[in-house]
1. Taking residue 133, is it within 16 Å of the ligand (Cβ to nearest atom) and polar (S, T, N, Q)?
2. Does any residue in the stretch 165-179 that is basic (Lys, Arg) come within less than 8 Å, Cβ to Cβ, of a residue that is in a loop (DSSP other than H, G, I, E, B) six or more places away or on a different chain, and which pairs are these?
3. Just a yes or no: is a residue in the stretch 130-142 acidic (Asp, Glu), surrounded by 15 or more Cβ atoms within 10 Å (Cβ to Cβ) and either farther than 30 Å from residue 78 by Cβ or in the same structural domain as residue 67 (by TED's automatic domain parsing) (or both)?
4. Among the helices (runs of 4 or more DSSP H) contained in the stretch 14-110, which hold 1 or more residues that are surrounded by fewer than 14 Cβ atoms within 10 Å (Cβ to Cβ) and away from the ligand (no atom under 16 Å from the Cβ)?
5. Report, by residue number, each residue of the stretch 118-129 that is exposed (fewer than 13 other Cβ atoms within 10 Å of the Cβ) and outside any helix (DSSP H, G or I).
6. Looking at the stretch 106-128, can you tell me whether even one residue there is without any contact (Cβ under 8 Å) to a residue 60 or more places away in the chain and hydroxyl-bearing (Ser, Thr, Tyr)?
Amino acid sequence: MSLIFYFAPQSTATLTSIVIEELGIPHDVKRIDLRAGATKEPAYTKLNPNQKVPMIVHDGVTIWESAAITMYLGEQFGVEKQLYPAAGPRRGEAMKWIVWTNVTLGEAVYRRGHMGEWAAPGAGNEKAVEQATRDVATHLGILDQALAGKDFLLGEFTLADAHVNSFCDWLRHSTIDFAPYANLNQWTARCTARPAYQRATAREAP
Ligand SMILES: N[C@@H](CCC(=O)N[C@@H](CS)C(=O)NCC(=O)O)C(=O)O
């Protein structure tokens, strides 16, 4: 088995880093420098015309998009380890949270960023930021409610928790207020206490 993981610290690749550490599968890390434009280099673009991290190459097959990678690695390596549900309704639940994070929560987060703190000087839109901030709060409220009375999204820990929590970690570095989400904050503490999370964090130094 060959698994190559293209990684850059403090990027979306962190989600995959935590997933791989949870699975404990043998892999080679190719650490790339985003600031040096490594994703734009011809060799990288040939593998990934989307020019982003994370990317994995598993037995010669290239997969990008963090949600796809989490679900794929879960299916391939997570079922026996009880870190990802077997095909069926519980897997559907795991997929729901992983995709929701990247698509629905992510859409509001990226909109908020592009209209606000990431916008070029003069190109922002305060009203759009206010709306996006409300949308992010609505989505985080949904996640918070889903965690009420539960340790993890599906009850027991799965890679969906690793994925969704890692995305939330990133949001905690922004001005998004997490104070209203007690269930979410307690769940984050449970996710980040896991040894795999700690190992992945050690990879994050720039
Ligand atoms: N939707 C993608 C987003 C990936 C993404 O935006 N990656 C950024 C880093 S966070 C990237 O590689 N940007 C290219 C670059 O900076 O050269 C995913 O979930 O995998």
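1. Details: within 16 Å of the ligand (Cβ to nearest atom): no; polar (S, T, N, Q): yes.
In short, no.
2. 172/178
3. Here is the first cut: in the stretch 130-142, the ones acidic (Asp, Glu) are 130, 135.
Right, trim to surrounded by 15 or more Cβ atoms within 10 Å (Cβ to Cβ) and you get 135.
Those left that are additionally either farther than 30 Å from residue 78 by Cβ or in the same structural domain as residue 67 (by TED's automatic domain parsing) (or both): 135.
Checked against the condition, which is being acidic (Asp, Glu), surrounded by 15 or more Cβ atoms within 10 Å (Cβ to Cβ) and either farther than 30 Å from residue 78 by Cβ or in the same structural domain as residue 67 (by TED's automatic domain parsing) (or both), the stretch 130-142 yields at least one hit.
4. Working: elements: 42-47, 66-73, 89-100.
Qualifying helices (runs of 4 or more DSSP H): 89-100.
5. First pass over the stretch 118-129, keeping only residues exposed (fewer than 13 other Cβ atoms within 10 Å of the Cβ): 118, 120-123, 126-127.
118, 120, 121, 122, 123 - these are the residues of the stretch 118-129 that are exposed (fewer than 13 other Cβ atoms within 10 Å of the Cβ) and outside any helix (DSSP H, G or I).
6. Yes: one or more hits.
The values are calculated or read from the model by the stated rules, or taken from the named source; none is laboratory data. Bear in mind that the values here come from a model prediction, so they are computed numbers and not experimental data. Every residue, glycine among them, receives a Cβ derived from its backbone with ideal geometry; neighbour counts consider all protein chains shown.
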